[in-house]
Every structure is written in C-alpha cells, then in structure tokens.
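Step one of this worksheet: look at the structure below.
The values are calculated or read from the model by the stated rules, or taken from the named source; none is laboratory data. The structure displayed is predicted, hence computed values, not measured ones. Don't worry about glycine lacking a Cβ; one is built from the backbone with ideal geometry, like all the others, and counts go over all protein chains shown. Note: areas computed on protein heavy atoms with side chains; ligands, DNA, RNA excluded. Shrake-Rupley method; radii C 1.70, N 1.55, O 1.52, S 1.80 Å.
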Amino acid sequence: MSWGTELWDQFDNLEKHTQWGIDVLEKYIKFVKERTEIEISYAKQLRNLSKKYQPKKNSKEEEEYKYTSCKAFLATLNEMNDYAGQHEVISENMTSQITAELARFVQELKQERKSHFHDGRKAQQHIETFWKQLEASKRRFERDCKEADRAQQYFEKMDADINVTKADVEKARQQAQIRHQMAEDSKAEYSSILQKFNHDQHEHYHTHIPNIFQKIQEMEERRIVRIGECMKTYAEVDRQVIPIIGKCLDGITKAAESIDQKNDSLLVIEAFKSGFEPPGDIDFEDFTQPMKRTVSESSLSNSRWDGKSEPKPGSKSKGKLWPFIKKNKLSLKLGGGPEDFSNLPPEQRRKKLQQKVDELNKEIQKEMDQRDALTKMKDVYIKNPQMGDAASVDHKLAELGQNMEKLRLEAQKFEGWLAEVEGRLPVRTEQSRRQSGMYDTQNTSGVNNCAQDRESSPDGSYTEEPSQESEMKVPVTEFDDEFDDEEPLPTIGTCKALYTFEGQNEGTISVMEGEMLYVIEEDKGDGWTRIRRNEDEEGYVPTSYVEVYLDKNAKGAMTYI
C-alpha cells in the first residue's frame, strides 16, 4: 500500500499527520530526559544516604565497626554507593544513546519533511497554474465563438437587406471572417493547452505526487522504526546494569550472611572484660552474742582486721560496699587517667597498654624508614657530590636518632607496664600481686620490712618515724560522704609511694614520692589501694604507684602522731 496512490488527494492530512509524528518523538525525548533526571536525583540521594551513615573517622562510632553486624552494614553502605553508580550509568547511557541521538534525528526529520512538502506544494502550484491557463483559454475560445456567431449573423442580415450598399455587405463579410478566424485560433490554443494540462495533470497525480508522498511515507516509517529502536535501547540500558546491580545485591546478601553473633559476643567480652573475679559469699555476722566478727576475704567488704576489734554497736556498714560500687565510677571520673592506665580494670589496661606499644612501634618503624631513606640519600651525595651536600643530611639524621631514642624509651616504659600486667615481670614488692587481671590474696612476707619503717606502740598500734612526718604534709582531699559515719578501718600494713600522685578526683588522695603511709585496704583487682595518712586523710591511690608491705598481725586500732 502506497500513500502516493491511496492518499493522492490527502496532502493536508499527511502534513498534519507527519507533524504529529514529530511531536510524538519530541514527547518521547522529553520522557527519557525526565527519566534521566530522576535517575541522577535517585543516585545522588542514595550516595548522600550512604555518606550520611558512614562512620566518622577517628571517632567512637568507627570503633563500633569491628562487630560483624556493623561490618555488614558498612558493606551494605558501600554496595549502595555502587548501586547508585549504576543508576548514574543508566542516566548517562540514556542521555547519550537516546536523548542526544533522537534530538539529532528529529532535527533531520524536520528538515526532510519541510523539503518534501515544499516539493509537493510546488507541484500543486504548478498544476493549479496550468489549470488557470486552461480556464482562461477556454473562456477566450468561448468568447471568440460567440463573437464569430454574432459577426456571421450580422453579415447575413446585411447581405439580405437590399437597402444596404455592397461595400457595407463586404465589410460585414470580412468582419465575420475575422471573427471566425479568431474563434478557430482560440479553439486551437484551447485544444493545445488542454492537451498539455491533461498531460501535466496525469504526471502530477501519477508520478510527481506519488513520488513525493512515497518519500514522506518512507520518512514516517523511519520515524516509527527509530522510536521503536529507542524503546529497545531504553530497555537494554536498564538490562545492561542488572548484572552489576545483582552483584551489589549479592554483596549485601553475602555481608548479611557473614554476620557472626558468636564472634560479636566475643568482641563484647574483649571490649568490656575487666579481669576481676566475682565477689565471694559474705559470711554471716552474729550480733546476738559477743564474738569475733569474721568476714570472708573474698567478700565485698574486705575488712582487714583479724577479729581482734569489734565494731561499735551503732556503726553503719554502708561504706563496706563503697569500694566495689564507687571505685568503678571513680575510674570513669579520672578522664585521661594516669599514663600507665592504672585507673582501668586489668584486662582493659592490658589492651590499652598493648595498643600504645603498637602505636609506638609503628612510629619507631616510620622513623627508621625515614632514617634509611636519608642514609641512602647521604650515600648518593657522597658518591656524587654534585647532586647535593652530604653534610646537610647529618642534622636531620641526628634529629631522627633522637626521636627514635625517645620513642624506644617510651616503648620500653609501656612494655614494662604491659609485662607487669601480664605477669611476665616480677612485681616490685616481695609479696605476690595480681597477675593477668586476678588478685592473689597470698601475702606471707613484708612484715620484717614494715618493722624497719615504723614503731609499735604499747597498745599494738603503730606510729610513723619523725623523719617521715615532714614528708606527709599534703593538702587534704575530699572524701566520700559515705565514710562520715563509718568506723575507721584498721591498718593492715604500710606502703611507700614510688611516684608522686595528684589525687584530684573524688575518693583519691595525693601522695609524694618516697612518702610512707598506712594501708587500710588492699587492691581488689581494680588497680587501686586504699591508704591513710592520718585520721582525716585517707583515700585511694593507683596500686602501681606504691610499694605495699602487709602485716597480718596489725592491730585493729592505731595511734597517730
């Protein structure tokens, strides 16, 4: 079926239809363009979403991503980022393969359509012009024939009238002949134009217009084919990214399957394990009859008297639980805490020390790498003096050497503390101390050492030597209110301050290096020892800051100078 033969008289309708076809193309282009904008916006929102939930660097949130569930979530965020990238690919491919190409095609189509319909109008104008010429020739022929008939009738009338002269008759005859000749000429011209018009009209409706309409039909069919191809491309662009999107989704599934609840539980243990032993049972204290109060050494109260002194009848016992409950809060209040992390529970302290040692070793390795690089540079300068002055490197090498020495000393210090925590080095006192987060209550030595630093009073209490009295003048620290109504604990030994400690937090006491003090409560495994200077000054100090001498035979009461 051809438009040229079937639609030979539908020039105007074809013009409208082809314009509608171009409008459809432009509408489809607009549709694809809006789809690409949606894809870009969606990808941007996905990327922003992924970025929003990414852990911040050097923050506590980043530490949480050691758990498998958090790692899986992080993998999900990364996969979503790649997922967003595929939507950007969709937008880019649709823009380049559909929108841009189709826009160029529409411009070409408009130009081609304009040319075809211009040729059609030109052919139509040509046939209309011939039609007008034919009509003019026909009217002229008709007029000449009528004029010839009137001239003939006038001649015949003049010829029949006897009163008319011969000259007038001859003139009328000649006029009739002229009109008749003019009619014949008009007839010949009309016949000629008619033949030519019929020929041109045949060519117009059977050759020119069919050819033009055929080209318009081909153009329209190309438009239809092209929009179909674009629709296929539209689907293919989506289909091309499906495998990659599938991999992203597979990655999310794999990350979800990698979640190990048991491993996360172990990580919680590693993160919060204190290394303490659970408290033991509290012995029953019978107040109905005068007898010695005995308390389990593993109980929370950990009273250090040996039963030789009885509590006052109305004394409060709420302070007995304070070391276990309050000292954990005390550790939190210390903020940065001492350099050796002695304010932390044993297991946490070991982890912090190990982390610090690893950081120092990395810094040392970094300095060594820089030193090796400078050494090689110096060798190059020595071999090729024109490349640089070897002496200019010496200052930097010396500086690196000093830095390395400082870092090594620092690392050795922390390694010593770490070894002490892990039980790999002997403690500084003759008594055995807690190892690997557990406190050993065995203390069989130290009595003789204590005897050298203190004197026994007649009633069994102890007094400090005068030489030590001058060393104990340190500002009094605030003490917890829970001790206000509690009977003072008896001393269980003495201790010597190995380092100066500024007790600026609630429940702590300041000590000076070399100062001798009384021990009223041992370290229960949390890294703190409770000591007393006089009746008004007592508190906690880090166990690693003092050297303890325990005395099992210490009396329940003591005398202060």
Taking the condition outside any loop (DSSP other than H, G, I, E, B), in contact with a helix residue (DSSP H, G or I) (Cβ under 9 Å, 6 or more places away or on another chain), basic (K, R) and within 25 Å of H87 (Cβ to Cβ), does K27 pass?
-> no
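Those residues that are outside any helix (DSSP H, G or I) and open to solvent by 70 Å² or more (accessible area, probe 1.4 Å), I need them from the range 260-282; list them, please. Explain how you work it out, then say what you get.
Taking the range 260-282 first, the residues outside any helix (DSSP H, G or I) are 260, 273-282.
Matches in the range 260-282: K273, E277, P278, D281, I282.
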All-but-one check, R121 against (1) surrounded by 13 or more Cβ atoms within 10 Å (Cβ to Cβ); (2) farther than 27 Å from Q201 by Cβ; (3) of a type in the set (K, R), failing number (2)
Criterion violated by K215 - all others in (1) closer than 30 Å to F73 by Cα; (2) open to solvent by 90 Å² or more (accessible area, probe 1.4 Å); (3) not hydrophobic (A, V, I, L, M, F, W, C) satisfied = (1)
So which of M94, M80 is over 23 Å from I259 (Cα atoms), assigned to a helix (DSSP H, G or I) and touching a helix residue (DSSP H, G or I) at 6+ places or on another chain (Cβ under 6 Å)?
-> M94
Subset of the range 339-392, residues open to solvent by less than 40 Å² (accessible area, probe 1.4 Å), among the aliphatic types (A, V, I, L, M) and assigned to a helix (DSSP H, G or I), comes to L353, V357, L360, I364, L374
So S137 fits all but one of (1) open to solvent by 90 Å² or more (accessible area, probe 1.4 Å); (2) in contact (Cβ under 8 Å) with a residue 24 or more places away in the chain; (3) under 30 Å from F11 (Cα atoms); what number is the exception?
-> (1)
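Which of the residues that make up the range 378-407 are closer than 30 Å to V357 by Cα and aliphatic (A, V, I, L, M)? Write out each step before concluding.
Taking the range 378-407 first, the residues closer than 30 Å to V357 by Cα are 393-407.
Correct list: V393, L397, A398, L400, M404, L407.
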Just one listed residue, out of E184, E112, is in a helix (DSSP H, G or I), within 60 Å of the chain's Cα centre (by Cα) and of a type in the set (D, E, K, R), and it is E112
For D149, indicate whether it is touching a Cys at 6+ places or on another chain (Cβ under 7 Å), modelled with pLDDT under 95 and either farther than 30 Å from H17 by Cα or part of a helix (DSSP H, G or I) (or both).
-> no
Quick one: K57 ticks every box in (1) in a helix (DSSP H, G or I); (2) farther than 19 Å from I216 by Cα except a single one, so which number is it?
-> (1)
Which residue pairs have Cβ atoms closer than 7 Å, lie 6 or more positions apart in sequence or on different chains, and pair a first residue in the range 487-514 that is in contact (Cβ under 8 Å) with a residue 40 or more places away in the chain with a second residue that is among the polar types (S, T, N, Q) and not in a strand (DSSP E or B)?
-> E487/S315; L489/S303; P490/S309; F501/S510; T508/T477; M512/T500
